[in-house]
1. Could you tell me whether any residue of segment 141-149 is aliphatic (A, V, I, L, M) and within 15 Å of GLY88 (Cα to Cα)?
2. Got a sec? Which of VAL77, VAL82, VAL73 is under 18 Å from LEU41 (Cα atoms), of a type in the set (A, V, I, L, M), in contact with a Ser or Thr (Cβ under 6 Å, 6 or more places away or on another chain) and surrounded by 15 or more Cβ atoms within 10 Å (Cβ to Cβ)?
3. Being within 23 Å of the chain's Cα centre (by Cα) and in a helix (DSSP H, G or I) narrows it down to one residue among ALA150, ALA182; which is it?
4. Being out of contact with any helix residue (DSSP H, G or I) (no Cβ under 6 Å at 6 or more places or on another chain) and touching a residue at least 12 places away in the same chain (Cβ under 8 Å) narrows it down to one residue among GLY132, GLY85; which is it?
5. Taking segment 42-74, which residues are within 18 Å of LEU171 (Cβ to Cβ), out of contact with any helix residue (DSSP H, G or I) (no Cβ under 8 Å at 6 or more places or on another chain) and assigned to a helix (DSSP H, G or I)?
6. Six or more apart or on different chains, Cβ under 9 Å: which pairs go from a residue in segment 148-171 that's touching a residue at least 24 places away in the same chain (Cβ under 8 Å) and over 12 Å from ALA61 (Cβ atoms) to one that's among the β-branched types (Val, Ile, Thr) and assigned to a loop (DSSP other than H, G, I, E, B)? Could you list them?
7. Test VAL92 against the criterion of being in a helix (DSSP H, G or I), of a type outside the set (S, T, N, Q), open to solvent by less than 20 Å² (accessible area, probe 1.4 Å) and more than 25 Å from LEU42 (Cβ to Cβ), and give yes or no.
8. Can you name every residue in segment 99-137 that is at pLDDT below 85 and crowded, with 16+ Cβ neighbours inside 10 Å?
Amino acid sequence: MSDDTRFEPTDRSEYDLVRAANVIVPLSPLRKARVCGALALLGALAAPVVATLPAAVRDAAFSGPPLATPLGVAAVVLAGTVAAGLAGLGLVALHRRLARGPEPTDDAVWSFLAIEDALTGIGFVTGGLGVGVGLSLLASGHWGVDALDALRRNGVEPYLSVSTVPVTPRLTSAVGLVAGLAVLAVTVVAVDRE
């Protein structure tokens, strides 16, 4: 299965034709994996975002070092990062299986499409929302203490320390860096092997 979508319809396999008509996000599995890798890599921004918070926000919101404080929002970013990373690896595996052959049978075509759509949903929706919303909440302190007070009045505590979930911004960034680079590296290796 090629990553290039400029084939004539007669050059495409039956799987490619069924996929083009039925897949939810019209990108190849390899391109979707790259998007998932980029989403996972964005999770690495958790520590830099928290480290650059204004001093007034750090004093008001944290009792200890911000990068080592277990935060509920850091866990949200971590969950999104892991979802995007795992979905990206799954999409690369799917791409490799389709590229290696043999061509899926009629019944298997629908199973492969369902797997691709499920991995896309996990990577784009769960990963994208977890990373996007989590990083936005972590960055909310950059608008000052007044912004934090406004969020708290609306029931949102972006820097809530959760000791039962020991996920720190530093851990989240490390996982995001490793997961994102791993997925992006695997997409390059998958193309080079073809």
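The values are calculated or read from the model by the stated rules, or taken from the named source; none is laboratory data. Small disclaimer: the values here were computed from a predicted structure and weren't measured. Backbone-built Cβ (ideal geometry, glycine too); neighbour counts: all protein chains shown. Only protein heavy atoms, including side chains, enter the accessible area calculation; ligands, DNA and RNA are left aside. Shrake-Rupley method; radii C 1.70, N 1.55, O 1.52, S 1.80 Å.
1. Initially, segment 141-149 is screened for residues aliphatic (A, V, I, L, M), giving 145, 147-148.
Next, only the ones that are within 15 Å of GLY88 (Cα to Cα) stay: none.
Looking for residues that are aliphatic (A, V, I, L, M) and within 15 Å of GLY88 (Cα to Cα), one finds none in segment 141-149, hence no.
2. Details: VAL82 fails: in contact with a Ser or Thr (Cβ under 6 Å, 6 or more places away or on another chain); VAL73 fails: in contact with a Ser or Thr (Cβ under 6 Å, 6 or more places away or on another chain).
Residue meeting the stated conditions: VAL77.
3. On the way: ALA150 fails: within 23 Å of the chain's Cα centre (by Cα).
Testing whether each residue is within 23 Å of the chain's Cα centre (by Cα) and in a helix (DSSP H, G or I) leaves just ALA182.
4. Numbers: GLY85 fails: out of contact with any helix residue (DSSP H, G or I) (no Cβ under 6 Å at 6 or more places or on another chain).
The match here is GLY132.
5. Within segment 42-74, GLY72 is the sole residue that qualifies.
6. Cβ pairs passing all conditions: THR168/THR69; PRO169/THR69.
7. Numbers: in a helix (DSSP H, G or I): yes; of a type outside the set (S, T, N, Q): yes; open to solvent by less than 20 Å² (accessible area, probe 1.4 Å): yes; more than 25 Å from LEU42 (Cβ to Cβ): no.
No: the conditions fail for VAL92.
8. ALA99, PRO104, VAL109
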